[in-house]
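Report on the following structure.
The values are calculated or read from the model by the stated rules, or taken from the named source; none is laboratory data. As the structure is a prediction and not an experimental result, all values here were calculated from the model. All Cβ positions, glycine included, derive from the backbone under ideal geometry; neighbour counts span all protein chains shown. The area values use the complete protein model at the heavy-atom level, side chains included, leaving out ligands, DNA and RNA. Shrake-Rupley method; radii C 1.70, N 1.55, O 1.52, S 1.80 Å.
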Amino acid sequence: MNVRDRVASLGEGVVIAIDALRANRVRAALTILGIAIGVFVVVIMSAAIKGINDSVAQEFEKAGPTTFFVNRFPISLEGCSDADEDSCKWRRNPPLRLVEAAAIERLPTIEDITISTGASAPAKYNDRLLSSIRISAYTANWIDVDGGDVVEGRTFTPGEESNGARVVVINEKMAERLFTGGDPVGKVILLSKSPFQVIGIYREAGGFMSEPSPRAYVPFTAGRRYLNLWIDWIDFTVKPKAGVTRDEAIDDVVATIRGMRGMRPGTPENFAVITQDKLFETWGKMTGIFFLVMIALSGIGLMVGGVGVVAIMMISVTERTREIGVRKALGATRGVILWQFLIEAATLTAIGAVAGLFVGWLAAFAIRSATPLQTSVQPMAIIVAFAASSLTGILFGIFPASKAAKLDPIEALRYE
């Protein structure tokens, strides 16, 4: 079959496939629905993962590319077993201490260090109660590390932090829910039954993680003194000086903490230094799980659609047995018949792919419009969706197409 004949056969196959849709509406609808679901899952989950990854990158970049974190425990706890204490030696890690933070701050390679801890507690203003909000206790330089802006009022000063002043900065979501449109600045609220004066309203930096839940920020000393925040769970965010590489700063911090803890050379650290690279790596593993779920759900939809392709194509072969016999009697080869029926099967799945792509694009646009998540349909997702649907049509259409191609022309002509 030359190229011209193939093109003509392609057009004929598409027309016949559309006729089959009209003749077998229920089966065709199930086929299209199955393929559409499979393609929709690929499109919307890839768009969501892309949006989430971009937002996570923005979150990590808020603190600056060289900023790193010192935690009591590592971010990845692989290999740990509740029954095996030796496999989770990190459980015996001692808490970070304020004297260690002070020593790090004095290092010539370090620009700044932020100490933080947090917990959940109720918040109340007059008769309005939020049963559980996130309270974060920070040292006074927290905005320099976390990013964002105080859009009304101010943040707390180093003096207020060191003196344990009962002041609080709340985010816009908490202001909206607790004050319902009124001006919160200057008002006194209760955090875990302890009075704090609102001195500012904070707007988080961009990114989906900043889609706010009610949150309050208090001076570190006040959090320890009045809210009983756990001192054993403090973390450090460390910012190197300009011109100092991240690795140089990490080496100095690690050496300082090891020295203060009297750790011998070769002894593994009993604390964790977490870089943005490690955070991205951990996040990549999480998105990998989403990807596997996407493949599983998409595969189920394509399987349903594939079964529908087999059903419709077998009916089409049966109804057109005599037509196949006539075509073979006029010289059509097995390859010509096989090609035509495969085109019909691929057309059925392509229609489902277009439907799934369109609905997926609408869903991605709706998410982008309604949330801070910047979802977008990626060209590769479109290519994969159409490739998967076409492959489904060919794989599931090969049996009925092969059956049609193998029909004996004489027996086919006698078929009624």
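Hey, could you check the stretch 245-289 for residues that are surrounded by fewer than 12 Cβ atoms within 10 Å (Cβ to Cβ) and in a loop (DSSP other than H, G, I, E, B) and say which is modelled with the lowest pLDDT?
Gly266
Take Pro184 and decide whether it is crowded, with 19+ Cβ neighbours inside 10 Å and part of a loop (DSSP other than H, G, I, E, B).
Here the answer is yes, as Pro184 does meet what is asked.
Among the residues of the stretch 107-128, is there at least one that is closer than 30 Å to Thr256 by Cα and of a type in the set (Asp, Glu)?
Checked the stretch 107-128: at least one residue is closer than 30 Å to Thr256 by Cα and of a type in the set (Asp, Glu).
List every residue pair whose Cβ atoms lie under 6 Å apart, where the two residues are 6 or more positions apart in sequence or sit on different chains, the first residue falls within the stretch 399-416 and is farther than 17 Å from Gln340 by Cα and modelled with pLDDT under 65, and the second residue, located anywhere, is in a helix (DSSP H, G or I) and open to solvent by 90 Å² or more (accessible area, probe 1.4 Å).
As it stands, the answer is Tyr415/Arg322, since those pairs meet every condition given.
Determine if the stretch 230-240 includes at least one residue that is in a loop (DSSP other than H, G, I, E, B) and at pLDDT below 90.
Yes, the stretch 230-240 contains a residue that is in a loop (DSSP other than H, G, I, E, B) and at pLDDT below 90.
Every residue in the stretch 143-177 that is modelled with pLDDT of 90 or more, assigned to a helix (DSSP H, G or I) and open to solvent by less than 20 Å² (accessible area, probe 1.4 Å), please.
Met174, Ala175 - these are the residues of the stretch 143-177 that are modelled with pLDDT of 90 or more, assigned to a helix (DSSP H, G or I) and open to solvent by less than 20 Å² (accessible area, probe 1.4 Å).
Residue check, Ser376 against (1) in contact (Cβ under 8 Å) with a residue 12 or more places away in the chain; (2) in a helix (DSSP H, G or I), all met but one. Which one?
Single failed check for Ser376: (2).
Which condition does Tyr202 not pass, out of (1) assigned to a helix (DSSP H, G or I); (2) open to solvent by less than 50 Å² (accessible area, probe 1.4 Å), if it passes all the others?
It is condition (1) that Tyr202 fails.
For the stretch 335-347, state whether one or more residues are without any contact (Cβ under 8 Å) to a residue 12 or more places away in the chain and either closer than 21 Å to Ile382 by Cβ or part of a helix (DSSP H, G or I) (or both).
Scanning the stretch 335-347 turns up no residue that is without any contact (Cβ under 8 Å) to a residue 12 or more places away in the chain and either closer than 21 Å to Ile382 by Cβ or part of a helix (DSSP H, G or I) (or both).
Within the stretch 115-142, track down each residue that is open to solvent by 40 Å² or more (accessible area, probe 1.4 Å) and either part of a helix (DSSP H, G or I) or not charged (D, E, K, R) (or both).
Scanning the stretch 115-142 gives Ser120, Pro122, Tyr125, Asn126, Leu129, Ser131, Ser132.
Considering (1) aliphatic (A, V, I, L, M); (2) open to solvent by less than 70 Å² (accessible area, probe 1.4 Å); (3) part of a helix (DSSP H, G or I), say which one Val354 fails and leave the rest.
(2) is the only condition that Val354 fails.
Any residue at all in the stretch 111-132 that's modelled with pLDDT of 90 or more and β-branched (Val, Ile, Thr)?
no
Residues are listed down the side, and each one gets a yes or a no for (1) in contact (Cβ under 8 Å) with a residue 60 or more places away in the chain; (2) within 29 Å of Ile135 (Cα to Cα):
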{"site": "Arg224", "(1), (2)": "yes, yes"}
{"site": "Asp232", "(1), (2)": "yes, yes"}
{"site": "Phe236", "(1), (2)": "yes, yes"}
{"site": "Lys239", "(1), (2)": "yes, yes"}
{"site": "Val244", "(1), (2)": "yes, no"}
{"site": "Gly262", "(1), (2)": "no, no"}
{"site": "Glu269", "(1), (2)": "no, no"}
{"site": "Val273", "(1), (2)": "yes, yes"}
{"site": "Leu279", "(1), (2)": "yes, yes"}
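Being more than 22 Å from Ala28 (Cα to Cα) and open to solvent by 30 Å² or more (accessible area, probe 1.4 Å): is that true of Gly335 here?
Against the criterion (more than 22 Å from Ala28 (Cα to Cα) and open to solvent by 30 Å² or more (accessible area, probe 1.4 Å)), Gly335 qualifies.
Report every pair of residues separated by at least 6 positions or lying on different chains whose Cβ atoms are under 9 Å apart, first residue within the stretch 102-127 and under 18 Å from Pro158 (Cβ atoms) and charged (D, E, K, R), second open to solvent by 40 Å² or more (accessible area, probe 1.4 Å) and assigned to a strand (DSSP E or B).
Close Cβ pairs satisfying both conditions: Glu111/Lys239; Asp112/Lys239.
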